[in-house]
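Engineer: This is the structure I have questions about; it appears just below.
The values are calculated or read from the model by the stated rules, or taken from the named source; none is laboratory data. Just so it is clear, the model here is predicted, and its values are computed rather than measured. Neighbour counts are summed over all protein chains in view; Cβ atoms, including those assigned to glycine, are modelled from backbone coordinates with ideal geometry.
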Amino acid sequence: MKKEIRLLGIDDAAFDKSKDKKTLIIGVFFRGGKSIDGVLSEIVSIDGTDATEQIIRMVKKSKFYTQIRAIMLKGIAVGGFNVIDIAEVSRKTKIPVIVVMRRLPDRERIARILEKLGKKSSIKTMENAGRIYKLDDILIQFKGTTLKKAKEIIKISLTRGHIPEPIRVAHLIAGGVSLGESRGRA
């Protein structure tokens with residue numbers, strides 16, 4: 001696999017759950033883990049059901065669409081509990097999707113919250129995301145590729161710490177845009 005494989009890292013911006021109805025998602029195009037080629041943005045509903053559709057739309061309208069070799073997400077949801085159907089994103093874009101997490105999600109707690117929000121279909125979407133694999137200090141899920149290729153993509157994209165650079169930079173940009181300054185860890 002090429003070291004300068006084109007990757008798209010996506011993360012959401014900070015929001016105030018008591019006031020905001022929508023939030024920004026930021027996509028950052030990278031060549032491997034070394035250089036930024038571009039930035040995208042889209043709006044999603046907080047605790048909504050439009051994240052999958054908006055990510056597909058954002059990716060397909062990009063000038064880099066035909067060059068993207070993997071989409072990397074920081075977690076399976078954006079905008080609170082707006083769960084992303086990674087199988088659908090992969091199928092409709094024809095691009096592998098890799099979800100990166102720092103810790104194992106409490107699926108039972110999340111399912112209770114989703115049920116309370118009236119989003120039973122999101123519980124199924126989460127379950128259909130597949131097995132979670134431990135990879136050094138992170139956890140990953142994926143669709144549209146193999147475990148071997150997903151590991152290789154992660155390895156190529158790591159330059160600082162344990163989080164792939166496309167996701168780390170998307171997190172920094174999203175925080176800077178929404179908070180005026182980036183904070184916290186990706």
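Engineer: Restricting to segment 28-69, give me the number of residues that are touching a strand residue (DSSP E or B) at 6+ places or on another chain (Cβ under 9 Å), within 13 Å of Ile5 (Cα to Cα) and outside any loop (DSSP other than H, G, I, E, B).
Structural biologist: 6
Engineer: Looking at (1) under 17 Å from the mean Cα position of the chain (by Cα); (2) under 24 Å from Pro164 (Cα atoms), find the lone condition where Asp137 falls short.
Structural biologist: Every listed condition holds for Asp137 apart from (1).
Engineer: Failed condition for Ile140, given (1) touching a residue at least 60 places away in the same chain (Cβ under 8 Å); (2) aliphatic (A, V, I, L, M); (3) within 16 Å of Ile10 (Cβ to Cβ), with all others met?
Structural biologist: (1)
Engineer: If you don't mind, another one. Can you name every one of the helices (runs of 4 or more DSSP H) wholly within segment 70-186 that holds 1 or more residues which are at pLDDT below 95, surrounded by fewer than 21 Cβ atoms within 10 Å (Cβ to Cβ) and of a type in the set (D, E, K, R)?
Structural biologist: Answer list for segment 70-186: 107-116, 120-127, 147-157.
Engineer: Condition first: small (Gly, Ala, Ser) and modelled with pLDDT of 95 or more. Now tell me which residues in segment 14-37 satisfy that.
Structural biologist: Result: Gly27, single match.
Engineer: Which members of segment 42-91 meet the condition of being within 23 Å of Ser157 (Cα to Cα) and among the β-branched types (Val, Ile, Thr)?
Structural biologist: Ile55, Ile56, Val59, Thr66, Ile68, Ile71, Ile76, Val78, Ile84, Ile86, Val89
Engineer: Here's something else I'd like to know. Under 6 Å between Cβ atoms, at least 6 apart or on separate chains: pull out the pairs that start in segment 38-51 with a residue that is crowded, with 17+ Cβ neighbours inside 10 Å and at pLDDT 95 or above and end on any residue that is assigned to a loop (DSSP other than H, G, I, E, B) and aliphatic (A, V, I, L, M).
Structural biologist: Pairs that qualify, where the first residue is crowded, with 17+ Cβ neighbours inside 10 Å and at pLDDT 95 or above and the partner is assigned to a loop (DSSP other than H, G, I, E, B) and aliphatic (A, V, I, L, M), are Ala51/Ile84.
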